[in-house]
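Take a look at the structure below.
The values are calculated or read from the model by the stated rules, or taken from the named source; none is laboratory data. Since we're looking at a predicted model, the values are computed, not measured. Ideal geometry is used to build each Cβ from the backbone, glycine not excepted, and the neighbour counts take in all protein chains shown.
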Amino acid sequence: MEAALCEMKMNRMNPTLEMPLSTPSPILHSGSRIVAALCGLSSLAAFAGEPALLPPEETLPPNSSDEFSFSDLWTPTLDLRLRLEYGDQDPLEESHAETLRARVGAKLNEWNGFTGLIELEGTIAADNGSYRAASVDGPPDHTVIADPESVEMNQLWLGYTAWETTLKIGRQRIIRDNARFVGNVGWRQNEQTFDAVDLSTEIIPDTTLSYTYVNRVNRIFGSQSKAAAGQNDFDGDSHFFNGAYTGIPNTKIAAYAYLLDLENKAGHAQSNNTFGLSLSGTYPLTETIKVKFLAEYAHQTDAFDSPLDYEADYYHVFVGGIFEKVDFGVGFESLGTDDGVPFRTPLATLHAFNGFADKFLGTPPGGLQDFYVSGGVKLPAGFALKLAYHHFFADDDSFGADSYGDEIDLVLVKKITDDITFLTKFAYYDADEFATDTTRFSTELNFKF
């Protein structure tokens, strides 16, 4: 019956089925083909017991709400830190800095292998005359709190990932291992970033390999600080090589070579080559007890256009444990010296090592040895308390000092929500034969969305 009806419709639409025409009409022919196709679909639908002429649901065009939008490629980012910091270093005047740091940006979501980030960073102070933000920035008789006012492009990079390999080009945050040699100085309001080409791959199982070329280091003193020559940004041609293997359960083996060609207004003295190896891990003994350790060694020499001539060694060993809500450990770190020229780490996150009073941001001529004990405990209401004791002394006491001093550090942290964290920190350095007594205290709120 369906076939007969279709044949009648086609005959009425195309008279050529009944009588010849001297000039066939292409429009009529097209109409007949369309009707034939529709009739065929109708017959198939009827045979299948489905309503005629309704395509399957998955072939329907998407709703307008599902259509692609350029804004879908980007995710806005916001990172705020409100901080009050106090510093008192003998014989200088006390400083207090009330600062707000904001990072505002947009992240390129993964699109055909591409990712990216654009991020502006700005720091403002309630009273920039109440503290010394750099060596020549702020009242010279005040204690340094290294958070100058600044506005700059913090990150601007484009990345591409394929075959478990990622290439990133542009201004970016780079942290290698525990940041002892390459880090972002994340404690300070204006972080350290790198204008770099970074290539990393995990194509070899349980192995991460990376190579980075850096031609500029954007240091923590920002765009508006009148920092001394040695605190200016670095230019140069530096190369970072890093590899890590995690195929052994609970263990990480890392090897690195940092070839630093660095120049600023102070010259080339920070240029050096450092080669190192580290072994670290955390091993569960029972369900509630774990043992953790670190062993690291590095050797450094002058390099490129450095006016210095030296070789120095670095050692770091740490052994600790975790028992339910308590962790503890003991460690020893040594930065050697060669006839008064010490081991140097100009790109490190220095605040994370050798005490929060920041007395050893530069290694003394006699080198530095740091014996420390650390611990932490999880408290009620979601608070966590961390504390450490340091005893500092010289690697070579022929340069005027043997026992440098002692320091006590305390940190209290609470994660209020997934996006908001409270932190307060205290440090007291009791000088012996190096520097002067120093007290630092800070409290802050971090918002990250």
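Tabulated values for the structure
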quantity	calculated
Residue identified as of a type in the set (Gly, Ala, Ser) and without any contact (Cβ under 8 Å) to a residue 24 or more places away in the chain among Gly362, Gly355, Gly367	Gly362
Candidates Ala254, Ala227 - the one that is touching a residue at least 40 places away in the same chain (Cβ under 8 Å), farther than 17 Å from Gly183 by Cβ and either buried (at least 19 other Cβ atoms within 10 Å of the Cβ) or among the acidic types (Asp, Glu) (or both)	Ala227
Looking only at the stretch 215-229, and only at residues there that are of a type in the set (A, V, I, L, M) and in a loop (DSSP other than H, G, I, E, B), the one that is nearest to Val151 (Cα to Cα)	Ile220
When residues of the stretch 411-436 are limited to those that are of a type in the set (Ser, Thr, Tyr) and surrounded by 15 or more Cβ atoms within 10 Å (Cβ to Cβ), the one nearest to Phe393 (Cα to Cα)	Tyr429
Test: residue in the stretch 179-186 that is within 19 Å of the chain's Cα centre (by Cα), farther than 18 Å from Ile124 by Cα, in the same structural domain as Glu93 (by TED's automatic domain parsing) and basic (Lys, Arg)	yes
Sole exception among (1) more than 21 Å from Phe240 (Cβ to Cβ); (2) out of contact with any Phe, Trp or Tyr (no Cβ under 9 Å at 6 or more places or on another chain) for Tyr372, by number	(2)
Flag for Asn184 being at pLDDT 95 or above, closer than 27 Å to Leu80 by Cα and in a loop (DSSP other than H, G, I, E, B)	yes
Test set (1) assigned to a loop (DSSP other than H, G, I, E, B); (2) surrounded by 17 or more Cβ atoms within 10 Å (Cβ to Cβ) - Ile175 fails condition number	(2)
The stretch 230-252, residues that are small (Gly, Ala, Ser) and either under 22 Å from Ile204 (Cα atoms) or in a loop (DSSP other than H, G, I, E, B) (or both)	Gly243, Ala244, Gly247
Matching residues in the stretch 331-350 - criterion: being aliphatic (A, V, I, L, M) and either free of Cβ contacts under 8 Å to residues at least 24 places away in the same chain or closer than 23 Å to Trp187 by Cα (or both)	Leu335, Leu347, Ala348, Leu350
Ala255 being of a type in the set (Gly, Ala, Ser), part of a strand (DSSP E or B) and touching a Gly at 6+ places or on another chain (Cβ under 7 Å)	yes
The stretch 291-306, residues that are buried (at least 16 other Cβ atoms within 10 Å of the Cβ) and of a type in the set (S, T, N, Q)	Gln300, Ser306
Check on Leu387, buried (at least 20 other Cβ atoms within 10 Å of the Cβ) and either closer than 18 Å to Phe318 by Cβ or not assigned by TED's automatic domain parsing to the domain that holds Ser95 (or both)	no
Any hit, the stretch 139-157, residues being buried (at least 19 other Cβ atoms within 10 Å of the Cβ), under 23 Å from Ser238 (Cα atoms) and not polar (S, T, N, Q)	yes
Complete set of residues in the stretch 189-240 that are aliphatic (A, V, I, L, M), at pLDDT 95 or above and either outside the structural domain of Leu84 (by TED's automatic domain parsing) or over 18 Å from the mean Cα position of the chain (by Cα) (or both)	Ile203, Ile204
Test: residue in the stretch 311-318 that is closer than 26 Å to Ala244 by Cβ, more than 28 Å from the chain's Cα centre (by Cα) and among the hydrophobic types (A, V, I, L, M, F, W, C)	yes
Qualifying residues in the stretch 260-279 (those that are among the small types (Gly, Ala, Ser) and touching a residue at least 60 places away in the same chain (Cβ under 8 Å)) - the one farthest from Phe343 (Cα to Cα)	Ser278
